[in-house]
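K.L.:
Dumping the structure here so I can ask a few things about it.
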There are 6 protein chains.
Amino acid sequence: MYEIKIVVPITTELRLEEHTDAMSDATANVSAMTITTGPESIEGSCDEAYAVPGTIKACIEAERQGADAIVIDCMGDPGVDAAREVVSIPVVGPSRTAMYVAASLGHNFGVITMLESALPLFDDMARLYGMHDRVACCRHIDIPVLELADDAERLTKALLAESVLAVEEDRADVLILGCTGMFGIAGALREGLADRGITGVPVVDPTPMAVEFAKGLVKVGLTHSRKAYAPPREKVICGYELA
Amino acid sequence: MYEIKIVVPITTELRLEEHTDAMSDATANVSAMTITTGPESIEGSCDEAYAVPGTIKACIEAERQGADAIVIDCMGDPGVDAAREVVSIPVVGPSRTAMYVAASLGHNFGVITMLESALPLFDDMARLYGMHDRVACCRHIDIPVLELADDAERLTKALLAESVLAVEEDRADVLILGCTGMFGIAGALREGLADRGITGVPVVDPTPMAVEFAKGLVKVGLTHSRKAYAPPREKVICGYELA
Amino acid sequence: MYEIKIVVPITTELRLEEHTDAMSDATANVSAMTITTGPESIEGSCDEAYAVPGTIKACIEAERQGADAIVIDCMGDPGVDAAREVVSIPVVGPSRTAMYVAASLGHNFGVITMLESALPLFDDMARLYGMHDRVACCRHIDIPVLELADDAERLTKALLAESVLAVEEDRADVLILGCTGMFGIAGALREGLADRGITGVPVVDPTPMAVEFAKGLVKVGLTHSRKAYAPPREKVICGYELA
Amino acid sequence: MYEIKIVVPITTELRLEEHTDAMSDATANVSAMTITTGPESIEGSCDEAYAVPGTIKACIEAERQGADAIVIDCMGDPGVDAAREVVSIPVVGPSRTAMYVAASLGHNFGVITMLESALPLFDDMARLYGMHDRVACCRHIDIPVLELADDAERLTKALLAESVLAVEEDRADVLILGCTGMFGIAGALREGLADRGITGVPVVDPTPMAVEFAKGLVKVGLTHSRKAYAPPREKVICGYELA
Amino acid sequence: MYEIKIVVPITTELRLEEHTDAMSDATANVSAMTITTGPESIEGSCDEAYAVPGTIKACIEAERQGADAIVIDCMGDPGVDAAREVVSIPVVGPSRTAMYVAASLGHNFGVITMLESALPLFDDMARLYGMHDRVACCRHIDIPVLELADDAERLTKALLAESVLAVEEDRADVLILGCTGMFGIAGALREGLADRGITGVPVVDPTPMAVEFAKGLVKVGLTHSRKAYAPPREKVICGYELA
Amino acid sequence: MYEIKIVVPITTELRLEEHTDAMSDATANVSAMTITTGPESIEGSCDEAYAVPGTIKACIEAERQGADAIVIDCMGDPGVDAAREVVSIPVVGPSRTAMYVAASLGHNFGVITMLESALPLFDDMARLYGMHDRVACCRHIDIPVLELADDAERLTKALLAESVLAVEEDRADVLILGCTGMFGIAGALREGLADRGITGVPVVDPTPMAVEFAKGLVKVGLTHSRKAYAPPREKVICGYELA
């Protein structure tokens, strides 16, 4: 039985047991932990900066507690590179995973994220991951992260409006939910699209997909390259209670 | 319990039950089938051309028999695009999967394949999948596909020699076994690399990884985009016994 | 006197003598042959898969009959790579040729093809040929291949509508007819564009252009690289009556 | 009978009648003209700058004299863009043509030019023409343009040495003669390569290939896009005796 | 005190003393010189061709007169490469500089130039400078160069209209004035954008920025690479009174 | 008189007054400040993560104290994006600046950094800044950051050895010092290169160049785009003493 740990890189409880239970199966137990220092939500580079030290700490703790793999639960993939330098188990980013999965399933994907302020993050990640010319569009619904869970109907309606444009105007043939706070909405979105006559367009819900990718890595015995993510040399670091 | 079907797109029995058993687990049963029309091995574009019609037929049969997902067991990904047009379940190519996994785990990957004649296929696939500038190198060991299983020591030695060059000269930080006929050798290769002082370089064995990706897709309920892979219009096709 | 053979990779007679006569001149005789196994038309990857074995066979026969070069008469360039492995004479693909010619004559080209299902093929080919960032747009007219010849007026009107959008909205400065079944329509399209005030936009009719490229290769004594397209190693191939 | 005019953009007579006769055939007469103001050879950007005004003038004259197409006889493609603005007949650059032909015949090409000072020009052209990631290498033989014709043996030997490295070390599968002053040497180079055991690598001699491309454009009735190369607005130009 | 020389590559007086005075400061004196042979304005490749020989001459003179760096005052960067071969002091192109500055300050820039005929020049430069996928759009205002200074209100209004579209439709987050003849208008444009509710979008006025870059290069002691811009070998050049 | 503030994103005093004095001039005063929480040196992603929160704080303080522009003194450009979200004055990264300056002065640049562990950071930055295909090589000298200042001779010798390889084997025509801790060594390196017969290859010392770029931005009144770097929405951030 593998242990997959979802590290939520904000101080808000996002992943209830019902979500992680749905991701668990006969081979793997999935659980979540929230960081204790950092922002209550991530909507830009500055928020990410405050989230990463706590995320590194949580990843170290997760490995110590016996996790077999980690998924960082934010579409900015904050701390994935840094955490990989200090743990040996796989650390998976949902954004990177979702982009590669989307490129595997279609030709050009659209991302629907929450706020305009996050668009440059996706632009940068798409360049970093080599997926820039697969991005049909990157759209936003103008709802802050912490309001996403408040009103499922509002969220579905907003996602649907942008998704239709992504498919019909920007010719996206796969859609990615651009914020991990949008979990559980993919089904309603697919139904909404079908009502508009749009079928056969996969909607990638990034965290569950990243969890599956993490399970697969554990099963085949792979982790990140230590040539690409070398352990840091020992050094004095001021102002942080290190793990 | 999911059913994952490995379609071996050549007429040679490649996947014994012991291999597929190793890929099965508590959530998924993995089995293989071999095509009946086509070449005995695939080492170039012409071989691929003869393999694809039989592969399409096998994929249709696998879906009819209740498979939840298909992995096509060849690093040329032959027939993946065509089969996706005619089945609804996910059809996964090991080359595409291995490249994205390698890009997820490191910065620049090296592929070690069997023959020089296959190098242009990898060049083309890397362009198609958007991974061209992640390829540190594409090397070959000069052993034909059907001889790969004959002499594990020869295979390991040849792979090791090229892998060392891939890491040390071409700066690959992840390695991909460039032929699905090289299964089961990743462990020995990793040990050989360690003996040479090279550690921390993941070696991706593509088919088991593709099988895990297929399981993950089934678990989260995703398949390929029908916008990207539209079902063919009905038409007369001469000379083939269609499935 | 060179012999240029047009291989039509479908089982429908597409190239009447009047077309090939118009492509012949004092240096080269142009003739066509149709394959005997395969689909009646090509509109996607699956159709292509069934077309390629017969196309390989036809290319081998054409070389045996003394052809100096071959043009494969379909905008998916089906079988070009495979056929190059088994014949020594140049095998020319109209799509590759048209894209390079368009890039030679302007900055950004638009492709107008028949069906939406073919758009991903062009996306893939543009990536393979290195022309992806020259594609101003890829549009379709929603007329199946086998109906293209039925109603020249309908075809012209549909092409004109998309061409105007390609030039005015997508800023294409060269147009490519995206299906070889659209032959003979370029003049009417240019006239229609002129009526709309659009002049100076070249319209590439791919097969005649590919025939000229084939003639040129023969004249200067060039053929494809055998390093890039190595002859296949001898092997057992089941289920095909090989040439 | 088409008239193809080779415009030699230097003040040195480069193209004797024997060369142009070899390029003529039953459909096209090929002749050459040399510019009267400009450098005696082109080996860098500054030389090109002095060559272009005279080249524009020659192109205008060629069109007035009834030429059906123009080939500019220098691998820097000097003046192609400018001349296209002022003439209606096709103006073909041998470098652009050779790169696209090489990309049509193989996967990665090597250019062997005369001097190190010309390498950045090829780097720039490869970027402009979209062929940058097809360049296996760009090598030079360290012989100035005007000495190329002096000693065929020296030239062949130098080209052979670099060509072997291009194929064996840089994995070029097509070679391009990187200076139009290297005409007539492709055969000897191919023989030399064969003596070294290297066969099946096409050697593109750019000017004859560009002449064939020009003939093909005339035959199918294509010329450059006027959207991409708009005629200049009338204006005062000081210091030039315009055509 | 450094001497920065602006070389205006047209025969029209463009840079009055008031402009250069505004660019001077306590460390550097900025002055301008106009070429004596060439076109009265540059709006395409042909105009550029006539401008370059005079520009090279002016650069040589500027260096002889003791300039520490040169800025060529045209958004086509005409003669930058050629002049670098013959002078040792830095030669700065405003277009290259503006694109890199825009990429430094944002993610995707829009260029607003004067005429449609100039758009392909920007397309080419963006490719050459590696900035092609940063270009959100390239728009034009349909006012010839020599009319830009005639009517500041007309110019502002036209720039504003295109700038709003660049930001709102094409998602440019930085704007570049696409003609050096648009100097002095950035402030009014920024105000106009603010009136439309668009704030925080930098407007790069290329020549003043290029002058600052030139000052910086002089301060740190850098100039262009002589490996990239080798001095031309001595040779006969007909028809030019060389500097 | 402008105030340019160098923010040193480590807790080690790196910039003595003599360095900043050398960067000051009649238009701008340059001074440095060191962060108080973070690592003593930056050699990987994890070090960066601990450096960024302190860097953001320092940037806010610098702006409050009246700075006109900020240069972050580390070749990883840590915190540039985050700081731009919270200050209005320009925040300049030396790596981004050095890459664009190198691309402005030559065709292909080489980076010589301190440790192998930093190479992936440069790979990522080159992708982010669009300069990936300008990188001739990225080499390292295997000396940790905090030892760089210990032994100038050792540093020069190590840099020289890699620089010669960068120029002669990798064909770099511009060199970038790949760690801001290498300041003051460019002159000795250039002399060493000249002794080896390598002249005309610019060596970019990133921080002084970035300071000049910052001065230029202030002079022309430009700062980063607020569309690209939106101010963060107000939110609770735990565990940090915010500025």
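K.L.:
Just to verify a result, which residue in the stretch C:33-51, among those that are touching a strand residue (DSSP E or B) at 6+ places or on another chain (Cβ under 8 Å) and part of a helix (DSSP H, G or I), is farthest from B:Cys46 (Cα to Cα)?
P.N.:
C:Asp47
K.L.:
Moving on. From B:Cys74, B:Cys46, B:Cys59, grab the single residue that is under 29 Å from C:Cys59 (Cβ atoms) and without any contact (Cβ under 8 Å) to a residue 40 or more places away in the chain.
P.N.:
Only one candidate qualifies: B:Cys46.
K.L.:
Which pairs turn up if I take residues in the stretch E:26-41 that are in the same structural domain as E:Ala83 (by TED's automatic domain parsing) and look for partners that are aromatic (Phe, Trp, Tyr) with beta carbon separation below 8 Å, at least 6 apart in sequence or on another chain?
P.N.:
The qualifying pairs are E:Thr27/E:Tyr2; E:Ala28/E:Tyr2; E:Asn29/E:Tyr2; E:Thr37/D:Tyr240; E:Thr37/E:Tyr50; E:Gly38/E:Tyr50; E:Pro39/E:Tyr50.
K.L.:
Which condition number in (1) over 26 Å from A:Ser24 (Cα atoms); (2) surrounded by fewer than 21 Cβ atoms within 10 Å (Cβ to Cβ); (3) touching an Asp or Glu at 6+ places or on another chain (Cβ under 8 Å) is the one that A:Ile141 fails?
P.N.:
(2)
K.L.:
Now for a separate question. Please work out which residue is nearest to the chain's Cα centre (by Cα), limiting yourself to the stretch D:187-203 and to residues that are within 15 Å of C:Ser225 (Cα to Cα) and in a helix (DSSP H, G or I).
P.N.:
D:Arg190
K.L.:
Could you run through the stretch B:36-69 and say how many residues are within 21 Å of B:Val218 (Cα to Cα) and either in contact with an Asp or Glu (Cβ under 7 Å, 6 or more places away or on another chain) or not polar (S, T, N, Q) (or both)?
P.N.:
Number of matching residues: 12.
K.L.:
Any chance the stretch C:58-76 includes a residue that's of a type outside the set (A, V, I, L, M, F, W, C), surrounded by fewer than 24 Cβ atoms within 10 Å (Cβ to Cβ) and within 12 Å of chain B (Cβ to nearest Cβ)?
P.N.:
No: zero hits.
K.L.:
Of the residues in the stretch D:117-138, how many are among the hydrophobic types (A, V, I, L, M, F, W, C), at the interface with another protein chain (Cβ under 7 Å from one of its Cβ atoms), buried (at least 22 other Cβ atoms within 10 Å of the Cβ) and part of a helix (DSSP H, G or I)?
P.N.:
0
K.L.:
Of all residues in the stretch E:17-55, which are hydrophobic (A, V, I, L, M, F, W, C), under 23 Å from E:Pro144 (Cβ atoms) and either more than 16 Å from the chain's Cα centre (by Cα) or crowded, with 23+ Cβ neighbours inside 10 Å (or both)?
P.N.:
E:Ile35, E:Ile42, E:Cys46, E:Ala49, E:Ala51, E:Val52
K.L.:
Any residue in the stretch B:81-93 that is of a type in the set (Lys, Arg) sitting within a Cβ distance under 7 Å of a residue that is assigned to a loop (DSSP other than H, G, I, E, B)? List the pairs, counting only those 6 or more apart or interchain.
P.N.:
Once the first residue is of a type in the set (Lys, Arg) and sits in the stretch B:81-93, its partners that are assigned to a loop (DSSP other than H, G, I, E, B) give B:Arg84/B:His224; B:Arg84/B:Tyr229.
K.L.:
Also: Among the residues of the stretch D:3-39, which ones are farther than 18 Å from D:Gly79 by Cα and within 14 Å of chain E (Cβ to nearest Cβ)?
P.N.:
Correct list: D:Glu13 only.
K.L.:
Right, next: Look at C:Ala243 and say whether it is more than 20 Å from C:Val101 (Cβ to Cβ), away from every other protein chain (no Cβ under 11 Å) and modelled with pLDDT under 95.
P.N.:
yes
K.L.:
Can you name the residue in the stretch F:209-221 that is surrounded by fewer than 24 Cβ atoms within 10 Å (Cβ to Cβ) and either within 7 Å of another protein chain (Cβ to nearest Cβ) or of a type in the set (Val, Ile, Thr) (or both) and is also nearest to E:Leu193 (Cα to Cα) among such residues?
P.N.:
Restricting to residues being surrounded by fewer than 24 Cβ atoms within 10 Å (Cβ to Cβ) and either within 7 Å of another protein chain (Cβ to nearest Cβ) or of a type in the set (Val, Ile, Thr) (or both), the top hit is F:Val220.
K.L.:
Exactly one of these conditions fails for E:Phe183: (1) surrounded by fewer than 24 Cβ atoms within 10 Å (Cβ to Cβ); (2) more than 14 Å from the chain's Cα centre (by Cα); (3) not small (Gly, Ala, Ser). Give me its number.
P.N.:
Failing condition for E:Phe183: (2).
K.L.:
Only one residue in A:Ile89, A:Ile72 is more than 27 Å from F:His132 (Cα to Cα) and touching an Asp or Glu at 6+ places or on another chain (Cβ under 7 Å), so which one is that?
P.N.:
A:Ile89
K.L.:
Residues of the stretch A:83-116 being more than 14 Å from chain B (Cβ to nearest Cβ), buried (at least 24 other Cβ atoms within 10 Å of the Cβ) and either in contact with a Leu (Cβ under 6 Å, 6 or more places away or on another chain) or part of a helix (DSSP H, G or I) (or both), which ones?
P.N.:
Within the stretch A:83-116, just A:Ile112 meets the criteria.
K.L.:
Just to check your reading of the model, which residue among E:Leu121, E:Leu193, E:Leu222, E:Leu175 is at pLDDT 95 or above and more than 30 Å from E:Arg84 (Cα to Cα)?
P.N.:
Just one listed residue meets the conditions, E:Leu193.
K.L.:
Against the definition (crowded, with 19+ Cβ neighbours inside 10 Å and facing another protein chain (nearest Cβ under 7 Å)), how does F:Arg233 come out, yes or no?
P.N.:
no
K.L.:
Quick check on this structure: which one of F:Ala194, F:Ala152, F:Ala188 is of a type in the set (A, V, I, L, M, F, W, C), surrounded by fewer than 19 Cβ atoms within 10 Å (Cβ to Cβ), more than 8 Å from every other protein chain (Cβ to nearest Cβ) and free of Cβ contacts under 8 Å to residues at least 12 places away in the same chain?
P.N.:
The unique qualifying residue is F:Ala194.
K.L.:
Which one is nearest to C:Cys179 (Cα to Cα), of the residues in the stretch C:66-82 that are of a type in the set (A, V, I, L, M) and outside any strand (DSSP E or B)?
P.N.:
Taking the candidates together, the pick is C:Met75.
The values are calculated or read from the model by the stated rules, or taken from the named source; none is laboratory data. Please read these numbers as outputs of a predicted model, since none were measured by experiment. Please note: Cβ atoms are built from the backbone with ideal geometry, for glycine as well, and neighbour counts cover all protein chains shown.
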